[in-house]
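The values are calculated or read from the model by the stated rules, or taken from the named source; none is laboratory data. Note that the structure is a prediction, hence the values are computed from the model and not measured. When we count neighbours, we look across all protein chains shown, and the Cβ atoms used for this are built from the backbone with ideal geometry, even at glycine.
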Amino acid sequence: MKRRRAAVWLTALAASAAVLLFLTRLLMPKYMGKVVEGNLTEEYYKETTGHDVLIFGNCEAYENISPIVLWREFGITSYIRGNAQQLIAQSYYLLEDALKTETPKAVVLNISSMTQFEQENESYNRMTLDGMRWSSAKWRAILATKMEDEHLIEYIFPLLRFHSRWKELEQEDFLYFFKKEPVSHNGYYMRADIRPAGELPAMRRRSDYSFDARAWEYLDQIRLLCEERGITLILMKAPALYPYWYEEWDSQIVAYAQVHGLTYLNAGRESESIGIDFSYDTYDQGLHLNVYGAEKLTRYLGSILFAVPGVEDRREDVELAAVWAEKERFYDEKKAEQEAEFARLGYLTQFYTD
Amino acid sequence: MNELYEILEDIIPEADYKTSTSLVKDGNLTSFELVRLVTQINDVFDLSIPSEEITPENFDSAEAMYRLIERLEGEE
Amino acid sequence: MLLVSYSFAAFCLVLFAVYYLFSGRLQWVVLLVFSGLFYAHGGVRGLLYPLVTTGSAWFLAGRIGRQTKESGRYMKEQGFDRMQKKAYTKQVKKKQRCLLTAGLVLNFGILAAAKYTSLFMTLGISYYTFQAMGYLIDVYRRKYEPERNPARLALFVGFFPQLTAGPISRFDRMREELFREHRFSFSGFRLGAERVLWGYFKKLVIANRIGPAAAAITGSPELYSGFFAFFGMLFHVIELYADFSGCMDIVLGLSQMLGISLPENFERPFFSKSLSEFWRRWHMSLMQWFREYIFFPVSTSHFSQSFAKAVGRIGGRQAGSKAPVWLAGLVVWLVTGIWHGASWRFVTWGLANCSVILLSQELSGVYRGFHERFAFSNRPWYQYFASLRTCLVFGLLQMLIYVSIPELFGMFLGMAAGEGLSELCAGGLLTLGLDLADYGILFLGLVLLFAVELMGRGGSVRERFEEKPGWLRYLLLFALFLLVIMAGVYGHGYDASRFIYNRF
């Protein structure tokens, strides 16, 4: 009798939990439309093979480097763990998270996130953090970067955050309930449309060029973690016409790299030698590179990465080659699709806003 | 006692004030009626019932009211 | 700390664990410590005012109690006769009245300063001041002996669930509740939790959702005229009730989870047949406080009784006995109005309520004749009509809080002229910040609320709910939980989750 009662209770609790899980899944944004960044963090866990290079950073990382080209032309296996407005602290915890399952030879960190330590928009935090696997790293990432009106418990039970989305449920919420399509190419966000750079806002002098002390702390932590695991850390700044990367900022990073013996690539300075043409290689007037610009930057980066001890050409590895052949196929297919659509319409429907 | 009944007849003619033991609890005597009752009792019996004596225990039945009146008369 | 916040939920979880771990005679100390923490959450400085109130009430009540005891002993020793005793008691009472007056002036002075100046505002000041002063007056009236331990008195004054919006409780009753041992009882805990859930339903699903629309209309009456004014009144009353009574359900449910029973503050007021009955069933603990400590003392005061005699001489015994009622009613409603806010609006509102209540009291003879003559007035539908009429009167009087009397008349003239009707038909309600889905949820929520209140006429809904089979109860409660989680207005993008009544 007692055992039966317990069984009934357990069933009831399990059923209730199932209902709540169902609702959580239904109501969480699927990020399969115009904004796909919400899926970037999560897609990393679907990887079946390891990487020699991991790349961290915000949009300047995941929109400007193509791991597929790194493989195709250098045989380097890589993955980008970047997201929209990904803070340096979040990059640190994502690195910690990744190091639980693999140890790359090199880590590339895009340092443009040094300029802003605190999050400006809650939805960026959700896109970066919601996809992260639960561990103490995720817990600490949330506590370190949540905005004032955000709560840890809303990450533990996302239903508390997204409960009112029942009003705006769309077809995609049902369509991608069980399974989502991949949106990135090893973390790379592909754009094959072109919107040449035009007039940019005037460069304003700032009263203070110092980085937040907490940003420096996390940079130190990333460096120390890499040292501890014998990983070569490379700092980079992607080429972008805007937002401006001030000389005063650059010199601080140069000094930091010198003190700690790190490689720092300011690709913005090398734009010309890399061959970036901002009338062609950008999809949003010079803020981010499109696939053509990204491929150019990747070639430049590849030759530098190739010099890192342990980073090798792995194209001979049959198993790896099979996995990457599929990635290449997917990449080429998407690129061709976008190119065709852009040629036909002059824009990409998925990302179009009036 | 009859004087008290007269007052009650005047104030709550509908209620069964002779036998009921829950005049306050049943809502026959709301605060308005209570105050009118006290005022008339004060007048007729030449008393001054203090406000803290206005409790359900003292006013739930005619008997209880009478006991209160007697007690206060004794104190005078 | 807001009742609708994650930190409050965490606070309660920790409290439950500690409270039942320490079950024993010192359990009340746990409550005292947590009440202090609850208070200090808004700034340690805020602790100062309740401490002053507790301290003064403790000290003065102690003095008064000691004098009562000593005078009794003294009279016995001296072998006073009745006349001597009376004279001596009078002397002692005079001294005690000085102490009482000092306490009242000090504490209501602090309350007035907090409410009517912007010098400081501290959580729950009205509620704990009323409680502490009720205690002081009761000791002065020799209803019970003063509490010796100031810490125990501090818990009575500052028991944290009551600080948001009451209820105002009495020391003799709370003493029994607060200071005994509370062993964990699963059924009590569950019943309390169920009530908390129901409270959150009222607050989050109904009050928070209708809030923006109510605020839009009542906030700018000059923009919304005619029929909009009617909806504004309706929304305002719904929000007020769902918010305030929901808060009470949370507070009383939470206390029940701690094994402590607090006095009820609402008894389905919208089923009242008259305004005076309404006010006996709405914010009951405050109205009881006013009745016991203002209405009765004023009406039985020497002045009122002399006034009664004077009126009696001119207008007869009937009128004479009514004079104190009128006088004391006026005072109580003036105070009620001023307590709600320091403005003429609130004074007008209080006096209007008073007028309606006293007038209907005067007309009670007419009603009686009407009921005797027309049998239909005893039919159920007439009872509903009477309740509806009461709600309308209450709603109309509430309007005086946010519009002036000329504006009110303007609104009615507008309504008579059909103003706003075409805008309403063209979807005017959708311009108030709520969309169709919101109104759908509101409608469902209100139907549920109304159905449950209607069931309450046949006895306690909760008791009858308990008799249902376990699986059904679980299913219904889980459904209610889902409703609160999904249809509640809270969380990101919503920061106005404050209870209306914690301003007081």
Can you pull out the residues in the range B:43-76 that are within 12 Å of chain C (Cβ to nearest Cβ), more than 23 Å from C:Ile137 (Cα to Cα) and assigned to a helix (DSSP H, G or I)?
B:Asp43, B:Val44, B:Gly74
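Check every one of the helices (runs of 4 or more DSSP H) wholly within the range A:1-110 and list those with 2 or more residues that are within 14 Å of chain C (Cβ to nearest Cβ), touching a Pro at 6+ places or on another chain (Cβ under 6 Å) and over 22 Å from A:Leu143 (Cα atoms).
Values: elements: A:2-27, A:40-43, A:59-62, A:67-74, A:88-98.
Because the criterion is at least 2 residues that are within 14 Å of chain C (Cβ to nearest Cβ), touching a Pro at 6+ places or on another chain (Cβ under 6 Å) and over 22 Å from A:Leu143 (Cα atoms), no helices (runs of 4 or more DSSP H) in the range A:1-110 meet it.
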Is at least one residue of the range A:87-94 crowded, with 20+ Cβ neighbours inside 10 Å and within 24 Å of A:Leu348 (Cβ to Cβ)?
no
Checked against (1) under 30 Å from C:Arg45 (Cα atoms); (2) more than 14 Å from chain B (Cβ to nearest Cβ); (3) crowded, with 22+ Cβ neighbours inside 10 Å, C:Ile217 satisfies every condition except (1)
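Let's see how each residue does on (1) more than 24 Å from C:Asp172 (Cα to Cα); (2) at pLDDT 85 or above; (3) not assigned by TED's automatic domain parsing to the domain that holds C:Ile137:
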site: C:Phe16; (1), (2), (3): yes, yes, no
site: C:Leu26; (1), (2), (3): no, no, no
site: C:Ala61; (1), (2), (3): no, yes, no
site: C:Ile64; (1), (2), (3): no, yes, no
site: C:Lys85; (1), (2), (3): yes, no, no
site: C:Ala114; (1), (2), (3): yes, no, no
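Before we move on, is B:Leu4 more than 9 Å from every other protein chain (Cβ to nearest Cβ) and under 12 Å from the mean Cα position of the chain (by Cα)? Please lay out each step first, then the result.
Numbers: more than 9 Å from every other protein chain (Cβ to nearest Cβ): yes; under 12 Å from the mean Cα position of the chain (by Cα): yes.
It is true that B:Leu4 is more than 9 Å from every other protein chain (Cβ to nearest Cβ) and under 12 Å from the mean Cα position of the chain (by Cα).
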Could you please give the count of residues in the range C:302-325 that are at the interface with chain B (Cβ under 8 Å from one of its Cβ atoms) and surrounded by fewer than 19 Cβ atoms within 10 Å (Cβ to Cβ)?
4
Unmet requirement for C:Leu223, which otherwise passes all of (1) in a loop (DSSP other than H, G, I, E, B); (2) within 20 Å of the chain's Cα centre (by Cα); (3) of a type in the set (A, V, I, L, M, F, W, C)
(2)
Checking A:Lys179 against (1) surrounded by fewer than 23 Cβ atoms within 10 Å (Cβ to Cβ); (2) closer than 30 Å to A:Asp212 by Cα: exactly one of these is not met. Which one?
(2)
Restricted to the range A:138-149 and to residues being surrounded by 19 or more Cβ atoms within 10 Å (Cβ to Cβ) and not basic (Lys, Arg), the residue farthest from the other protein chains (Cβ to nearest Cβ) is A:Ala141
Which count do you get for residues in the range A:157-174 that are more than 10 Å from every other protein chain (Cβ to nearest Cβ), under 21 Å from A:Ala17 (Cα atoms) and surrounded by 13 or more Cβ atoms within 10 Å (Cβ to Cβ)?
2
Is it true that some residue in the range C:252-263 is crowded, with 23+ Cβ neighbours inside 10 Å and within 18 Å of C:Tyr490 (Cα to Cα)?
no
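Report whether or not C:Tyr200 is in contact (Cβ under 8 Å) with a residue 12 or more places away in the chain, outside the structural domain of C:Ser23 (by TED's automatic domain parsing) and hydroxyl-bearing (Ser, Thr, Tyr).
Numbers: in contact (Cβ under 8 Å) with a residue 12 or more places away in the chain: yes; outside the structural domain of C:Ser23 (by TED's automatic domain parsing): yes; hydroxyl-bearing (Ser, Thr, Tyr): yes.
Considered against the rule, which asks whether it is in contact (Cβ under 8 Å) with a residue 12 or more places away in the chain, outside the structural domain of C:Ser23 (by TED's automatic domain parsing) and hydroxyl-bearing (Ser, Thr, Tyr), C:Tyr200 comes out as yes.
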May I ask you to verify whether C:Phe296 is closer than 21 Å to B:Ile49 by Cα, in a helix (DSSP H, G or I) and facing chain B (nearest Cβ under 8 Å)?
yes
Subset of the range B:23-40 [within 13 Å of another protein chain (Cβ to nearest Cβ) and surrounded by 23 or more Cβ atoms within 10 Å (Cβ to Cβ)]
B:Leu29, B:Ser31, B:Leu34, B:Val35, B:Arg36, B:Leu37, B:Val38, B:Thr39, B:Gln40
Take the range A:287-344 and flag every residue that is under 19 Å from the mean Cα position of the chain (by Cα) and assigned to a loop (DSSP other than H, G, I, E, B).
A:Leu287, A:His288, A:Asn290
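Given the condition surrounded by 19 or more Cβ atoms within 10 Å (Cβ to Cβ) and modelled with pLDDT under 95, answer yes or no: does some residue in the range A:14-25 qualify? Outline the logic, then answer.
Keep residues of the range A:14-25 that are surrounded by 19 or more Cβ atoms within 10 Å (Cβ to Cβ), which gives none.
Within the range A:14-25 (the criterion being surrounded by 19 or more Cβ atoms within 10 Å (Cβ to Cβ) and modelled with pLDDT under 95), the answer is no, since none of the residues qualifies.
Only residues that are of a type in the set (Gly, Ala, Ser) and under 19 Å from the mean Cα position of the chain (by Cα): list them for the range C:115-134, please.
Going through the range C:115-134, the residues of a type in the set (Gly, Ala, Ser) turn out to be C:118, C:124, C:126, C:132, C:134.
Correct list: C:Gly124, C:Ser126, C:Ala132, C:Gly134.
Sort out which residues of the range C:272-288 are part of a helix (DSSP H, G or I) and over 21 Å from C:Lys203 (Cβ atoms), and write them in order of number.
Within the range C:272-288, the first condition is being part of a helix (DSSP H, G or I), and the residues that meet it are C:275-281, C:284-288.
Across the range C:272-288, the qualifying residues are C:Leu275, C:Ser276, C:Glu277, C:Phe278, C:Trp279, C:Arg280, C:Met287, C:Gln288.
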Suppose the filter is away from chain A (no Cβ under 14 Å) and aromatic (Phe, Trp, Tyr); does C:Tyr6 pass it?
no
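Might you check whether a residue that is on the phi < 0 side of the Ramachandran plot, in a loop (DSSP other than H, G, I, E, B) and touching a Ser or Thr at 6+ places or on another chain (Cβ under 7 Å) occurs anywhere in the range C:237-255?
Step one: filter the range C:237-255 for residues on the phi < 0 side of the Ramachandran plot, giving C:237-255.
Filter again for in a loop (DSSP other than H, G, I, E, B), leaving none.
No: zero hits.
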For the range B:9-22, does any single residue satisfy the condition of being outside any loop (DSSP other than H, G, I, E, B) and surrounded by 18 or more Cβ atoms within 10 Å (Cβ to Cβ)?
yes
